[in-house]
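Written below as structure tokens is the structure these notes are about.
The values are calculated or read from the model by the stated rules, or taken from the named source; none is laboratory data. This is a predicted model, so every value here is computed, not measured. Glycine gets a Cβ as well: all are built from the backbone with ideal geometry, and neighbour counts include every protein chain shown. These accessible areas exclude ligands, DNA and RNA; they are computed on the full protein's heavy atoms, side chains included. Shrake-Rupley method; radii C 1.70, N 1.55, O 1.52, S 1.80 Å.
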Amino acid sequence: MYERILVRYGDLTLKGKNKKVFIDRVNNLIREKVNNSIVKYEKNHDRLYILLNGENHDEIIKGLGKVSGLSSYSLVSKSGRDIETVLENALKVIQGEIKHKEIKFKVETKRSDKQYPLKSPEITQLVAAHVLKNTSKLIVDVHNPELVLNVEIRNDAAFIYCKKIKGMGGFPVGVAGKGLLMLSGGIDSPVAGFLSMKQGIEIEGIHFESTPLTSIESAQKVIDLTEKLAVYAPNSKIKLHMVPFMELHTALLNYIPEAYNITIMRRMMYRIAEKIALRNNCIVLVNGESVGQVASQTLTSMSVINDVVRMPVIRPLATYDKLDIIKISKEIECFKTSIKPFEDCCTVYVPKRPTTAPNLERCEFYESKYDFDKLVDKTVADVKTIKLSAKEHLDITMLGLVVSEVI
Ligand code: ATP
Ligand code: MG
């Protein structure tokens, strides 16, 4: 019944060269995520057709769900434009949608070829009359239809479809440039990473791991989460920079007063992240901070922490409610991994009373008590980078390079 999928691109208000870049990127992403050598692609200005060539459409539609920059897609049937053929094809399509019970429907016609001999309302009437006459389960309901039979008359052909499946929206990943995602094993940062990719930002990950102060499983969690995010990345791959944070972490515990420990730890993370970002052509930092969630995420804390970097920091979740974050986390299949109970470097030795209103001069004063710059440079030099793929699983014990000593 359906022999093709009509794919509609997202926000195409872009002009000229940018529009071409957008479309080329989105088309490449589609080919990669659909990953099927039998289907064929037909380009057409503001849309793309995937010719199924007999392939089952379920897997292909699943693939399209991983492409950022698509507004929607529909299974469609193409036919000749003469009204007899259109009527025949419309009947075939709607027959395929009728199950056992009665169904409320309406017909909607779009006519982009204004020379076509019939006007849209006339086509709608003819189609509705034809399908009603030849089926028994249909009831017209223009206000509350359960099914809309869409007829599109274009210059080259007529297209008929019933459902519009919503796409990811946003922009094709990579079109906005690259950001470095501060990725913990928690719920928030993977969601922040997903939202950035959806908005066109390609990401690399950076994780601060304090093995053996923290468990090896907490580092594995971050690998698993990166693999989940890679589903949406170009070529389904994401680079992850593993920062051996144990030595710096220990120095912080030894030299920084408890109330300032988290604030200054996060300042160190930002400093290191900016250096790694610059080395890897990332233009911004991205993290999962959400205003008010914990002591380090008050506006004062965020501002004092942010003070150590020049690079813009993008916080996609800044104003999100935790329940909304969890909803997305489940949709992208990260939640179960994120809630596994392994501590990371923000959860070991959590100070009893972290300050919610740190003072910048005090931070600078405490930091001057020890040669942290040297330790930051050493830590940066020891960063290990791994490339992770949505298609292969990496077990950290196979890596051989883990980072600080594995215990
Ligand atoms: P998450 O759920 O992402 O862990 P959170 O609500 O637990 O966030 P924090 O632990 O304060 O909040 O961390 C805030 C943000 O800082 C995280 O979303 C993440 O972007 C970054 N971050 C925290 N810990 C690490 C880490 N060990 N490595 C890399 N980034 C981290
Ligand atoms: Mg956390």
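Do you know which of the residues in the range 327-353 that are in contact with a Ser or Thr (Cβ under 7 Å, 6 or more places away or on another chain) and more than 10 Å from ligand 1 (Cβ to nearest atom) is modelled with the highest pLDDT?
Per the criteria, the residue is Phe335.
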Lone unmet requirement of (1) more than 22 Å from Ile223 (Cα to Cα); (2) surrounded by fewer than 22 Cβ atoms within 10 Å (Cβ to Cβ) for Arg267:
(2)
When the range 9-23 is checked residue by residue, the ones that are in contact (Cβ under 8 Å) with a residue 60 or more places away in the chain and surrounded by 15 or more Cβ atoms within 10 Å (Cβ to Cβ) are Tyr9, Gly10, Phe22
Within the range 310-324, can one find any residue that is crowded, with 18+ Cβ neighbours inside 10 Å, within 13 Å of ligand 1 (Cβ to nearest atom), in a helix (DSSP H, G or I) and not hydroxyl-bearing (Ser, Thr, Tyr)?
no
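Inspect the range 199-209 for any residue being touching an Asp or Glu at 6+ places or on another chain (Cβ under 6 Å) and within 15 Å of Val284 (Cα to Cα) and give the result as yes or no. Spell out how you get there, then give the answer.
Keep residues of the range 199-209 that are touching an Asp or Glu at 6+ places or on another chain (Cβ under 6 Å), which gives none.
No, because not a single residue in the range 199-209 is touching an Asp or Glu at 6+ places or on another chain (Cβ under 6 Å) and within 15 Å of Val284 (Cα to Cα).
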Among (1) within 16 Å of ligand 1 (Cβ to nearest atom); (2) free of Cβ contacts under 8 Å to residues at least 24 places away in the same chain; (3) of a type in the set (D, E, K, R), the one test that Lys133 misses
(1)
Residue pairs within 7 Å by beta carbon, gap of at least six or interchain, first lying in the range 24-37 and over 15 Å from Arg8 (Cα atoms) and assigned to a loop (DSSP other than H, G, I, E, B), second of a type outside the set (Phe, Trp, Tyr) and open to solvent by 20 Å² or more (accessible area, probe 1.4 Å), listed first then second, are Asn36/Glu55
Taking strands (runs of 3 or more DSSP E) that do not extend beyond the range 157-264, which have at least 1 residues that are of a type in the set (Gly, Ala, Ser) and within 10 Å of ligand 1 (Cβ to nearest atom)?
201-209
With respect to the numbered conditions (1) over 14 Å from Glu204 (Cβ atoms); (2) open to solvent by 10 Å² or more (accessible area, probe 1.4 Å); (3) at pLDDT 95 or above, which one is the sole condition not fulfilled by Val294?
(3)
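Step by step: first the residues of the range 60-78, then only those that are open to solvent by 20 Å² or more (accessible area, probe 1.4 Å) and in contact (Cβ under 8 Å) with a residue 40 or more places away in the chain, then the one that is farthest from Gln115 (Cα to Cα). Which residue is that?
Checking each candidate, the answer is Lys66.
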Pairs please, first residue from the range 371-393 and β-branched (Val, Ile, Thr), second anywhere and surrounded by 15 or more Cβ atoms within 10 Å (Cβ to Cβ) and part of a strand (DSSP E or B), Cβ atoms under 6 Å, 6+ apart in sequence or on different chains.
Val383/His241; Val383/Val243; Thr385/Lys239; Thr385/His241; Ile386/Leu240
If you check Ile201 against the conditions, is it within 16 Å of ligand 2 (Cβ to nearest atom) and within 28 Å of Gly10 (Cα to Cα)?
no
